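Asks: Starting off with a structure, shown below.
What follows is calculated from the coordinates using simple rules that are stated; it is not laboratory data. Quick caveat: nothing in here was measured; it's all calculated off a predicted structure. FYI the Cβ positions are ideal-geometry reconstructions off the backbone, even for glycines, and counts take in every protein chain you see.
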Amino acid sequence: VMMFFSAHGVPLAYVEEAGDPYKAEMEECVDLIMEELERRRIRNAYTLAYQ
């Protein structure tokens, strides 16, 4: 089962220019979720997309 994480974000230019932490926070959150699933021996492919 492919897991799909969808984030509602701000424009990439804003993140890069203003130093908004949202993108990094979302990536860290997804990593933590996937690490916990791995500890439970649940291994799925996943993707993170922004809207």
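Asks: Mind putting a number on the dipole of the chain about its Cα centre? Charges go on the C-beta only, +1 for Lys and Arg and -1 for Asp and Glu, and I need it in Debye to the nearest 20. Walk me through the numbers on the way to the answer.
Replies: Details: 5 positive and 10 negative charges, 89 e Å.
About 420 debye.
Asks: Exactly which trypsin sites (Lys or Arg not before Pro) in the chain are in a DSSP loop and have at most 16 other Cβ atoms within 10 Å? Walk me through the numbers on the way to the answer.
Replies: Working: sites: 23, 39, 40, 41, 43; in loops: 40, 41, 43.
Counting only loop positions with at most 16 other Cβ atoms within 10 Å, the trypsin sites (Lys or Arg not before Pro) in the chain are 40, 41, 43.
Asks: What is the order of 10, 15, fewest Cβ neighbours within 10 Å to most? Intermediate results must be reported in sequence, preceding the final value.
Replies: Details: 10 12, 15 16.
So the ranking, lowest neighbour count to highest, is 10, 15.
Asks: Using helices alone, what [θ] at 222 nm do you get for the chain, with -39,500 (n - 2.57) per DSSP H run of 4 or more residues, divided over all residues and rounded to the nearest 500?
Replies: Working: 2 runs with 25 residues, N = 51.
Computed mean residue ellipticity for the chain: -15500 deg cm²/dmol.
Asks: While we're looking at this one, here's another question. Could you tell me how many degrees, from 0 to 90 and to the nearest 10, lie between the Cα long axis of helix 22-39 and the main elongation axis, the longest principal axis, of the Cα atoms of the chain?
Replies: Here the helix axis deviates by roughly 0 degrees.
Asks: Restricting to Cα atoms and excluding each atom paired with itself, what does the Kirkwood estimate give for segment 3-50 in Å? Display every interim value, and only then the final one.
Replies: Values: mean 1/r = 0.0848 Å⁻¹.
Computed over Cα pairs of segment 3-50, the Kirkwood hydrodynamic radius comes out at 11.8 Å.
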